[in-house]
Every structure is written in structure tokens, then in C-alpha cells.
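Colleague: Input: one structure, supplied below.
Read-outs: derived from the displayed coordinates by stated rules, not from any lab. For clarity, every value in this text was computed on a predicted model and none was experimentally measured. A quick note on method: Cβ atoms are made from the backbone with ideal geometry, for glycine too, and the neighbour counts reach across all protein chains shown.
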Amino acid sequence: MKTIIVTGASAGIGRATAELFLDEGWTVGLLARSADTLATMANGRSNAVPLPADVTEPEAVSGAFNRFLDKAGRLDVLFNNAGIFAPGGTIDEIALEDWYQSVNVNLNGMFLSAREAFRIMRHQTPQGGRIINNGSIAAHVPRPNSVHYSATKHAITGLTRSLSLDGRDFGIACGQIDIGNARTQMVQGLVDNAIAAGEQPDPTMAVEDAARSVLHMASLPAEANVQFMTVMATTMPYIGRG
């Protein structure tokens with residue numbers, strides 16, 4: 001049975017992805033802060049492993065990955081997904097607390113999770129595995145008034161490239177999925193804000209289509225890797241959104 005840890009598994013893209021992998025028979029580590037939500041998701045599913053933890057806390061992340069390894073025996077894939085979209089504005093309007101929190105979750109949290117996955121994959125037998133980072137369209141083309149989100153997501157592209165290079169000697173592949181406007185609670189908030197401002201909101205797509213894209217990336221043989229995938233609402237503005 002293949003194994004995967006999904007961070008940010010309690011909501012949005014992470015939850016849709018975790019539930020799809022569970023349905024496909026994978027052993028799935030459900031990592032998020034909400035222990036109650038994870039317990040509900042795991043109820044009646046013997047292949048679900050709840051891992052309540054905060055991705056910004058190094059010891060909590062290490063402990064969660066070790067608990068999964070004890071339960072599942074190995075880690076084939078990490079879907080490195082946990083992230084936030086803090087209140088926006090121009091750079092002089094964004095609260096420093098929101099900047100620091102964005103960096104802590106969107107960058108430090110993904111670094112810590114990738115670090116633990118890399119360690120496990122490097123030392124397990126057979127050696128190797130796959131890390132899939134959730135970037136964003138904003139990893140390449142920013143939304144207006146989102147310098148904190150865009151900067152952290154651009155950093156994830158650098159993380160992906162570095163892991164892809166450094167993992168070669170250990171059979172560790174790393175790819176990135178950049179998702180544009182999957183219908184999640186976070187995106188719905190952006191839609192609601194646009195409507196409230198009298199603007200036309202961007203088109204959205206079903207979050208399940210994003211999850212199926214992650215499944216495709218995760219299911220490839222070790223000799224193949226999707227380095228970057230962009231999946232987005234068909235008519236979503238992508239080039240020159242500003």
C-alpha cells in the first residue's frame with residue numbers, strides 16, 4: 001500500500017486531496033492543527049492516520065512524521081500543502097504580524113515538512129520518495145495587494161527547484177503544483193470580497209480537480225516527475241492580472 005502525508009489536511013485543497021487518496025486506498029497521514037476535524041475524517045477509515053500538529057513548530061512536525069513512520073513503515077509521498085492567505089493590502093498597509101505569520105506558515109512550515117520528509121526518504125529502504133509542493137498561480141503571477149502571499153509562494157518555487165536538485169542522489173523527486181482558484185473557503189473569501197467591492201470575481205473550478213491532479217503526480221513511477229504543473233479555472237486571468 002502506498003503512503004502519503006498531507007499537510008493542511010483539515011480543509012480546502014488539503015482535505016479534498018486527503019479524502020481522494022483515502023478513497024484510492026493509500027495510507028494517508030492527516031496533518032493539521034485541528035485534532036477534532038482529523039478524528040472525524042479518520043472515523044471508519046483504517047488507512048487514515050491523524051497527525052495533529054502545527055507546521056510552524058519544528059518538534060511537533062518531527063514528532064508527527066515519526067508517528068506516521070511508526071504506523072505506516074515508510075513515506076512514499078509528501079503533499080506539502082499547508083498555507084494561509086492573510087488580510088491583504090499594499091505593502092505599507094499590511095500588518096507586520098500578518099507578514100511574519102505568512103512567512104512562518106507558507107515558507108517555514110513547508111520547509112520544516114519537506115525537511116522531515118527528505119530525512120525519512122533518504123534513510124528508508126528502498127530509498128527515495130516524492131515531495132509535491134503546493135505553490136500557487138501567485139508563485140509566478142501575483143494578485144494585487146498580496147505581497148506577503150506572493151513573496152512566500154515565489155519562495156516555494158525556489159524550495160522546489162532546490163529539493164529537486166538535491167534529491168537526485170537519494171531517489172527523491174520534487175515537483176510543484178500551482179493551483180488557480182479552486183473552490184475552497186479561502187478562495188470563496190476572495191470572491192466575496194470582490195463582490196462586496198462591486199467587482200467581477202475571478203472564475204473558479206472544483207477543488208476535486210486539483211486533488212486529482214495531485215494524485216496523478218503522486219502516482220507516477222520513480223523514473224518520471226512532473227516538475228511544475230499549473231491547473232486553474234479555464235478562464236481565470238493568468239497573464240497580466242495586475
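Colleague: Scan region 163-242 for GluC sites (Glu not before Pro) in coil per DSSP, keeping those whose Cβ has at most 13 other Cβ atoms within 10 Å, and list them by number. Provide the component values of the computation, followed by the final result.
Modeller: Working: sites: GLU199, GLU208, GLU223; in loops: GLU199, GLU223.
Answer by residue number: GLU199, GLU223.
Colleague: Among ALA196, ALA218, ALA42, determine the one that fluctuates most according to a GNM of the chain built with springs between C-alpha atoms less than 10 Å apart.
Modeller: Comparing ALA196, ALA218, ALA42 in a Gaussian network model of the chain, the most mobile one is ALA196.
Colleague: Still on this model: Give me Rg/Rg_expected for region 174-242, where Rg uses Cα atoms only and Rg_expected = 2.2 N^0.38 Å with N residues.
Modeller: With N residues counted in region 174-242, Rg over 2.2 N^0.38 Å equals 1.31.
Colleague: Next question, about the same structure. Arrange LYS153, LYS2 by Cβ neighbour counts within 10 Å, fewest through most, would you?
Modeller: Numbers: LYS153 27, LYS2 15.
Going from least to most buried by this count: LYS2, LYS153.
Colleague: What FRET efficiency do you get for ALA222 and SER162 if R0 is 25 Å and r is their Cβ-Cβ distance, rounded to the nearest 0.05?
Modeller: Values: r = 20 Å, r/R0 = 0.79.
My answer for the efficiency is 0.80.
Colleague: So what is the calculated 222 nm ellipticity per residue for the chain, using -39500 (n - 2.57) for each DSSP H run with n of 4 or more, over all residues, to the nearest 500 deg cm²/dmol? Present the calculation step by step, with values, prior to reporting the outcome.
Modeller: On the way: 8 runs with 101 residues, N = 242.
Value at 222 nm, helices only, nearest 500: -13000 deg cm²/dmol.
Colleague: For the residue pair GLU57 and MET1, what label-to-label distance in nm results when each label sits 7 Å from Cα along the Cα-to-beta-carbon direction?
Modeller: With each label placed 7 Å out from Cα toward Cβ, I get 2.8 nm.
Colleague: Separation of region 109-152 and region 163-239 by C-alpha centroid, Å?
Modeller: 13 Å
Colleague: Check each of the GluC sites (Glu not before Pro) in region 64-149 and keep only those in coil by DSSP with at most 16 other C-beta atoms within 10 angstrom; list them in order.
Modeller: Details: sites: GLU93, GLU97, GLU116; in loops: GLU93.
In loop regions of region 64-149 (DSSP not H, G, I, E or B), the sparsely surrounded GluC sites (Glu not before Pro) are GLU93.
Colleague: Where Rh denotes the Kirkwood radius from the mean inverse Cα pair distance, what is Rg over Rh for region 3-232? Walk me through the intermediate numbers first.
Modeller: Working: Rg = 17.0 Å, Rh = 17.7 Å.
Dividing the radius of gyration by the Kirkwood radius yields 0.96.
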